[in-house]
Amino acid sequence: MWMTLQVKTLEQPATLTFGQQQIQLPVVQGSEQELGLDISRLRSATGMITLDEGYVNTGSTRSGITFLDGEQGILRFCGYPIEQLCAQCDFVEVSYLLIYGHLPTRQQLSEFQDSIRKHTMLHEDMRSFYSGFPRDAHPMAILSSVVSAMSTFYQDSLDPTAPDQVELCVRRLIAKLPTIAAYSHKKSVGQPFIYPQNDLDYVENFLQMMFAVPSEPYEVDPDFVSALNLLLICHADHEQNCSTSTVRMVGSANANLFASIAAGVCALWGPLHGGANEAVVNMLNQIAADGGDVKKYVALAKDKSHGFRLMGFGHRVYKNFDPRAKIIKAACDRLLAKRAIHDPLFDIAQELEATALSDEYFIERKLYPNVDFYSGVIYRAMGIPVQMFTVLFAMGRLPGWIAHWKEMHSSDGNRICRPRQVYTGPTERPLVPIDQR
Ligand code: CMC
């Protein structure tokens, strides 16, 4: 059946005509002039649904948290450009911005920091989980398990409809995620767990839990603190990406916040999403071990029969430079120069970027380095093991997940997320008894 869709002006609803029937579809305009067709009445009026695999054209919600323009390479949190947030704020300040929608005053920030500090320790019994995990367990698996298990230990903050319980849960998550993450690293290297130290700030505290040992003093390196703050801010939100949509999807069933965030961690782990930062460094290592022939790997990435992709390249939304990749590459340059570190993987990464960006395949498809391309080089310079890279992405993305979960619960149109499908399986058929099949 043929259909026509007519949009006359943005003020009037669009008209969808099919056969003898017509339906009006309101046009929704965002604050940055993005347009969407509101199809919420489509099925009740026509019996039809839309089909959009991978949700390439589907807006799942209205949201006031993050704006991104993939054509122009613009990213803003609550209106503030990512470049300014990275230059002027620390991660906890940006977390406050995302969760509460405005930048904190000094007093608000200090109260927020204090309330987080109160919750940095894990329930002592939770430490015993770690002895049950195999030593070589991936820290993302540990992170999602332990976050999920928080709902067994902190049962006084599970009700998604009780604002005070949600606030408590938010603080517990932000405070404890670095502790859970650092313990998963300590487990993998067989060192004793280091308790949080609440006179340190958020990032300092994480670094001391990661790298300090009880037998000698540990001094937190200020260069690493600023590099990590910047990386966490760059990762803090990215509107309706795979893991955030997962958190919203799970949360829409009124699952508690711990359970929703644990689901987000699992989604983030995938190498097409947050797991790409680990995959990038593994790929760069592979290229280095193979003689550093960058052109060979660019050719492999173009060869569809091979299935190999340049990790850290391409993005569903950015068809231009990912602004986060620019910020991270500059930070990487600064850190390596200041510390006089020569990392051969950084050389390979830069050569790979230059080769891909001048190649017709990548130009045509508008494939640019994304946030994950250079972050691993900074993590390496800080001594963070490859398996922990995606855990750091999760620490950064946590305030974004929380902000979206809260926004969803406070929105008027909040309903359980439940997509439809077009069924393509067998039509009705008689069941054949087992001994006659
Ligand atoms: N290397 C080679 N070819 C690529 C790549 C790549 N990295 N990315 C996309 N393409 C090609 C793809 O084969 C397709 O070609 P064709 O039109 O000939 O079929 C075209 O570009 C469009 O790709 P797509 O897979 O349809 O795009 P998508 O929007 O579904 O996927 C992506 C986006 C990020 C999953 C994909 O670009 C990719 O797999 N990149 C590598 C993994 C990666 O770096 N992920 C991190 C994303 S950013 C951080 C985050 O989200 O967590």
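The values are calculated or read from the model by the stated rules, or taken from the named source; none is laboratory data. Values in this document were obtained by computation on a predicted structure and should not be read as measured data. Counting neighbours? That spans all protein chains shown, and the Cβs are built from the backbone with ideal geometry, glycine included.
Reported count of residues in the stretch 278-315, each being surrounded by fewer than 19 Cβ atoms within 10 Å (Cβ to Cβ), within 14 Å of the ligand (Cβ to nearest atom) and at positive phi, is 1. The selection criterion, being farther than 26 Å from residue 64 by Cα and surrounded by fewer than 16 Cβ atoms within 10 Å (Cβ to Cβ), holds for residue 354.
When only residues in the stretch 335-383 that are touching a residue at least 12 places away in the same chain (Cβ under 8 Å) and of a type in the set (Val, Ile, Thr) count, which is nearest to the ligand (Cβ to nearest atom)? Restricting to residues being touching a residue at least 12 places away in the same chain (Cβ under 8 Å) and of a type in the set (Val, Ile, Thr), the top hit is 371. Of the set (1) surrounded by 17 or more Cβ atoms within 10 Å (Cβ to Cβ); (2) touching a helix residue (DSSP H, G or I) at 6+ places or on another chain (Cβ under 8 Å), all apply to residue 156 but (1).
In the stretch 45-67 there is at least one residue matching the filter, namely being part of a strand (DSSP E or B) and among the aromatic types (Phe, Trp, Tyr).
Would you confirm whether or not the stretch 319-333 contains a residue that is more than 15 Å from the ligand (Cβ to nearest atom) and surrounded by fewer than 20 Cβ atoms within 10 Å (Cβ to Cβ)?
Yes - at least one qualifying residue is present in the stretch 319-333.
Listed here are the residues, each with its yes/no results for (1) hydrophobic (A, V, I, L, M, F, W, C); (2) under 19 Å from the mean Cα position of the chain (by Cα).
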| site | (1), (2) |
| --- | --- |
| 82 | yes, yes |
| 90 | no, yes |
| 98 | yes, yes |
| 104 | no, no |
| 118 | no, no |
| 130 | no, no |
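So that you can scan it fast, the table gives a plain yes or no per residue for (1) of a type outside the set (A, V, I, L, M); (2) at pLDDT below 95; (3) loosely packed, with under 10 Cβ neighbours inside 10 Å:
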position	(1), (2), (3)
389	yes, no, no
393	yes, no, no
400	yes, no, no
405	yes, no, no
413	yes, yes, yes
417	yes, no, no
421	yes, no, yes
